Each structure stands twice: as C-alpha cells, then as structure tokens.
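Notes follow the structure.
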Amino acid sequence: MPKLSQSAIEKKKGRIEEAARQLFIKQGFHATSMRNIAARAGTSLGNVYNYYRTKEEILGSIIGRYQTVIDGRLRGIFDEIEEPLDPESLMRFGRQIKEMVNEHHDFWLLMYIDVLEFENLHFRKMFEGLVHSLRRRFSRQFSELKSHGVVHQDVDPAVGFTAVYMQFFNYFLVEKLFGGNRHFGLNDEQVIKTLTDIYCRGLLQDYHPSNGTRSSTARRRAPKRSA
C-alpha cells in the first residue's frame, strides 16, 4: 500500500476526532467506545488504532487542538488591551469574553468532561499560574497604576484583573452551558457594566479592611431602619 501523505493522515485523524467529539459530548466519555468512534467516523476499528492507542488519547488531541485556538483568541484579546483596569477597556473586555465563550461551546463542554473524568488533567494548564501570566503581560500598566495611586496600595492589580476576567468568564459560562437565563437578573450588557462598576468603584463605602467595618462617617450617613 502506498504511504499516506501527512495531509491525508491529518484528514483521517480529523474525521476520527470529530466523530469522537460528537460522541463524547452526546453520550459521555465512558459510554463511548473506540468501536463507536470508528463507526461514527466511517472507518474500521483497526484504522482508529493505527492513530490512537486509547480514547483518552483522542480526547487529549481534541482538547489540544481547541486549546491552540483558545490560546490564540485570548492572546488577541489581551493584545488589544492598553489599560487593563480602565472602565471602558473592561467593558470591551467583557464583551470579548462573552463572544469567546459563545463561539466555542463545545470546548467548554469538553472541559467539564475532563473535570469529571480526569480531574482536569488536560485543562489544568489553562488556569495554572494565571495571575502570574497576567502580571507579566501587563507589568508596565500595573506598575503605573500603583505608582500613581490609582489602586489601593494593599491591592495587587494583577489579582484584581484576574478576578474580573474570571467573573466575566464564569458568568457567561453559566449563561451558555447551564441555561442561566439572566441569573443576575440583568441582560448581558447590564451585567458587564455592573461588574465593571463594582470592580472600578468598589462595593462598600468607606470600608476599613483592618476590622471589616465602615467608618463612623459612613455609619452616620446610613439610613435608619423603620421600626
């Protein structure tokens, strides 16, 4: 038999992985056999084993391909950010995270399969060291914010920005995958604005983190409850 070209091999593997992706999402990882994958791909079981030793290896390859796409998407999003904690920049960032979540629905479903079946073995690197990566990426901007007194001296802006990113990400993940149906009671644009306001302005007035209370001035301003 003539030796297949690399492009022909990649085409065959792509067809196998597409079949496996559909089955993993539809009926679960453990309920899917290599024989099922071969049948869905329209090839022989032996041919599947020519390229993959196990179905976990197929899953790992699928996730790896998706991960490359998501990594590129995130790099593009971060490259557009000039001032990471500027309100307008954060709102634009929130909209971009929404688009990313909505356009890669299957990727996030596979993430949950990985969490359930493999204790997040394949997706772990997506979140490991996230704050350190963002601190390096925006080191100049974060240093300027600190030196100009824009953020509180006891607040790490890298942690703050990571929290904003994860909150946007988690919100839209719940909406997309779990049928959140406006679980904040607001539409998406209102959620983006509200979260931006909370992170930029804070939630409590005159809050003293040393004792967890408001100042006496803030207490005097607080309205009295009616009996």
³J(HN,Hα) computed for each position of the range 89-94 - Karplus, 6.51 cos²θ - 1.76 cosθ + 1.60, integer Hz, glycine/proline x: 5, 5, 5, 5, 4, x
Dimensionless Rg/Rh of the range 1-71 - Kirkwood Rh, Rg from C-alpha atoms: 0.98
Spatially proximal lysines relative to LYS11 (Cα-Cα < 22 Å; intrachain offsets below 8 disregarded): LYS3, LYS55
Residue with peak Gaussian network fluctuation, the chain [Cα springs, cutoff 10 Å], from VAL69, VAL150, VAL164: VAL150
Lysines whose Cα lies under 18 Å from that of LYS193, excluding same-chain neighbours fewer than 8 positions away: LYS98
VAL69-GLN190 pseudo-label distance in nm [points 7 Å out on the Cα-to-Cβ vector]: 3.3 nm
Formal net charge of residues neighbouring GLU175 (Cβ-Cβ distance under 11 Å; K, R +1; D, E -1): +2
From phi via Karplus (6.51, -1.76, 1.60), per-residue ³J(HN,Hα) for the range 8-25 in Hz, x at Gly/Pro: 5, 5, 5, 5, 5, 5, x, 5, 5, 5, 5, 5, 5, 4, 4, 5, 4, 6
Alpha-carbon Debye profile of the chain, log10 I(q)/I(0) at 0.10, 0.13, 0.18 Å⁻¹: -0.63, -0.90, -1.30
Potential extension, MET166-GLU80 segment - 0.36 nm per residue separation minus Cα distance: 29.2 nm
Longest exposed-site-free window of the chain, the sites being GluC sites (Glu not before Pro) in a DSSP loop that have at most 13 other C-beta atoms within 10 Å: 129-227
Nearest-10 value in Å² for the accessible area of HIS183, using the 1.4 Å probe: 80 Å²
R0 of 30 Å, Cβ-Cβ distance ASP206-GLU144: FRET efficiency to nearest 0.05: 0.70
12 Å beta-carbon shell around LEU130, net charge (K/R +1, D/E -1): +4
Hz values of 3J(HN,Hα) by residue in the range 34-42 - Karplus curve (6.51, -1.76, 1.60), Gly and Pro given as x: 4, 5, 4, 5, 4, 5, 5, 7, x
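The values are calculated or read from the model by the stated rules, or taken from the named source; none is laboratory data. Bear in mind the structure is a predicted one, so any value in this text is a computation, not a measurement. Positions of Cβ are backbone-derived with ideal geometry, glycine not excepted, and every protein chain shown enters the neighbour counts. Just so you know, the surface numbers come from the protein's heavy atoms only, side chains and all, with ligands and any DNA or RNA stripped out. Shrake-Rupley method; radii C 1.70, N 1.55, O 1.52, S 1.80 Å.
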